[in-house]
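Below is one structure, written out as structure tokens; comments come after it.
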Amino acid sequence: MAASKREYDINDFMEIKGNPISRTGVFEYSGAQISSDLPPDQIFGVYRSEESLNNLETIESFKLIPFTDDHEMIGNKADNLTDAADKGVHGTTGETVEFDSPYLTANIKIFSEKLRDLIDNGKRELSIGYRCVYEEQNGEYDGKQYQFIQTNIRGNHLALVQEGRSGHDVSVLDSFKFTLDAKDINMTNCKVTEEVKDENEMSMSEIKDMVKRCYDLLESMSSSASDEEIEIEDSVEPADFVNEENAIDEATEEAEDETEEEKEKKDDKEDAAMDSNSFKNIMVEINARDSLAKRLSAHVGSFDHSLKTLDEVAQYGAKKLGLKCTKDTAKYVLDGYLMGAKKSIIAITQDKKIASTSIDAYLKGEK
């Protein structure tokens, strides 16, 4: 048996130094772990490159993160994450996190007897929980095909799990073996966040308000149309009973009245048409704004655009992406950038496979 790399401090807290917690390579992920737009049980190859692990921001993000028993994304409840006290934190990674190709390593400190007992009883593999961006990109690495790459990896926690993804070469430098990327995930604890969540969808109150405005507009248009119906004229007395001069005056007054009525009807019709066009223009503006916000969110993350105009969303996006343009040209510059940019998916990820008979069958080549 290999010599143990465990060290104990004065509090009997256990520490293991230089432990691999992630590695480069192509790994298999289900569609459900990448995006809700993908077939949930289909398997995709995902490439985690040296560039994605060996950079300062990624390395810093894995320092002093919670060490837990099984996965649960930890953070503020307001963000639909789990409070650390509710989950239970049994240890932490240390401040020594380094990239030693092909591995990302960290020193690990364990505080609780519970976690130590689990390790002693055979639960010895590691899996990281993290935020990242998935970008659609086909390629091959080390003889394996992939359809997505991971970028912007940011650590959230390290979890002790039953079974790993990356093989036994990713193990603690001890007689105990820790591997990352567990296979058996509980999907109720896996919170995946897309570029646009549901923030771009209209709320029920907004939908009701829009429906009401539609009905009001239709009622106004209907009322204007009914005013245009042909009215039955009153019969006229025979000419020989009417003074010729009076008849001319009455005819002139009637003509003026009719002209005024026609003018009012014409004005009402024009007003209704203007209301209709205004409503259509508003809807076009809203749809264009929401569409741009959805496309932009895939590159800068979700943001609240409910009170922004189309131009304001474009200016916000151009600023976030560092595009050089004026306020007047922001919309066109941003649209050109997004058309040429790769599609990205921002996600909160627990690096585990879903325990699923359909996935198992897929991996075994049965489907």
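The values are calculated or read from the model by the stated rules, or taken from the named source; none is laboratory data. Predicted, not measured: the structure shown is a model, and the values here were computed from it. Backbone-built Cβ (ideal geometry, glycine too); neighbour counts: all protein chains shown.
Values for this structure:
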| item | result |
| --- | --- |
| Among (1) under 21 Å from the mean Cα position of the chain (by Cα); (2) over 26 Å from Asp86 (Cα atoms), the one test that Gly18 misses | (1) |
| Some residue of region 105-115 being without any contact (Cβ under 8 Å) to a residue 12 or more places away in the chain, farther than 30 Å from Lys5 by Cα and exposed (fewer than 14 other Cβ atoms within 10 Å of the Cβ) | no |
| Residue within region 111-125 that is of a type in the set (A, V, I, L, M, F, W, C) and modelled with pLDDT of 95 or more present | yes |
| Qualifying residue in region 5-23 (condition: within 17 Å of Glu135 (Cα to Cα) and surrounded by 15 or more Cβ atoms within 10 Å (Cβ to Cβ)) | no |
| Val89 being among the aliphatic types (A, V, I, L, M), closer than 15 Å to Lys17 by Cβ and in the same structural domain as Tyr146 (by TED's automatic domain parsing) | no |
| For Ala32: the one exception among (1) over 30 Å from Gly143 (Cα atoms); (2) surrounded by 16 or more Cβ atoms within 10 Å (Cβ to Cβ); (3) at pLDDT below 95; (4) not β-branched (Val, Ile, Thr) | (1) |
| Failed criterion for Asn11 (all others in (1) assigned to a loop (DSSP other than H, G, I, E, B); (2) under 21 Å from the mean Cα position of the chain (by Cα) hold) | (2) |
| Criterion violated by Glu95 - all others in (1) modelled with pLDDT of 95 or more; (2) crowded, with 20+ Cβ neighbours inside 10 Å satisfied | (2) |
| Region 280-310 - residue that is small (Gly, Ala, Ser) and surrounded by fewer than 19 Cβ atoms within 10 Å (Cβ to Cβ) and, of those, nearest to Ile348 (Cα to Cα) | Gly301 |
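Let's see how each residue does on (1) closer than 14 Å to Gly129 by Cβ; (2) touching a Gly at 6+ places or on another chain (Cβ under 8 Å):
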{"site": "Gly75", "(1), (2)": "yes, no"}
{"site": "Leu81", "(1), (2)": "yes, yes"}
{"site": "Ala85", "(1), (2)": "no, no"}
{"site": "Val89", "(1), (2)": "yes, no"}
{"site": "Thr92", "(1), (2)": "yes, no"}
{"site": "Val97", "(1), (2)": "no, no"}
{"site": "Ser101", "(1), (2)": "no, no"}
{"site": "Leu115", "(1), (2)": "no, yes"}
